[in-house]
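Read the structure below first, then the notes.
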């Protein structure tokens with residue numbers, strides 16, 4: 001008579017190897033769902049939207065297979081540069097924005113600062129020169145056509161920036177004054193801080209499709 005496998009063995013096989021490990025591999029190397037928080041990407045994205053972020057390209061680029069996968073106009077999920085204080089925000093602000101637990105008092109985390117992931121649009125790729133002048137964005141001295149943006153009211157001038165190799169110049173689509181914290185404030189983002197490209201909007205269903 002065959003003896004049943006020990007409980008720990010079944011747990012290891014059915015929970016860890018067959019469930020948790022595949023899930024970890026998918027969200028680490030392939031795709032991950034990301035929720036939009038805030039209005040810095042209005043009108044293209046709204047707070048509460050859920051996106052599919054394709055991460056496989058990021059790893060291929062890291063391994064030298066497809067280094068130029070990010071193009072001007074792409075929407076990416078990235079962290080701001082770690083060497084700029086403007087890149088950090090209080091942990092309490094993030095916790096208060098979350099469903100369910102956001103209603104609790106998180107003052108205890110107010111002095112804890114972290115570098116959140118941001119959703120931004122790529123304006124400049126390596127080799128580009130980006131400048132904001134007279135309320136307009138110029139790339140390589142040519143005015144950038146941006147049908148995806150809000151009205152450019154309050155768009156302050158920003159000095160010319162040459163995009164270094166392995167870096168990107170990013171901005172939010174919402175160009176109202178103070179609406180987006182982006183490369184105008186914290187500078188270029190590094191390729192290694194990019195999680196991936198937003199390739200599909202899952203929710204809401206009435207806006208399902210390419211973001």
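The values are calculated or read from the model by the stated rules, or taken from the named source; none is laboratory data. Because the structure is predicted, anything quoted here is derived from the model rather than measured. Cβ sites come from the backbone with ideal geometry, for glycine too, and all protein chains shown count toward neighbours.
Brief remarks on what is shown
- Among the candidates 204, 211, residue that is over 19 Å from residue 128 (Cβ atoms), at pLDDT 90 or above and out of contact with any helix residue (DSSP H, G or I) (no Cβ under 9 Å at 6 or more places or on another chain): 204
- Selection status of residue 150, at negative phi and modelled with pLDDT under 85: yes
- Scanning region 35-66 for residues that are closer than 23 Å to residue 124 by Cβ, loosely packed, with under 15 Cβ neighbours inside 10 Å and either under 13 Å from the mean Cα position of the chain (by Cα) or free of Cβ contacts under 8 Å to residues at least 12 places away in the same chain (or both) yields a total of 3.
- For residue 87: the one exception among (1) in contact with a strand residue (DSSP E or B) (Cβ under 9 Å, 6 or more places away or on another chain); (2) surrounded by 13 or more Cβ atoms within 10 Å (Cβ to Cβ); (3) at pLDDT 70 or above: (3)
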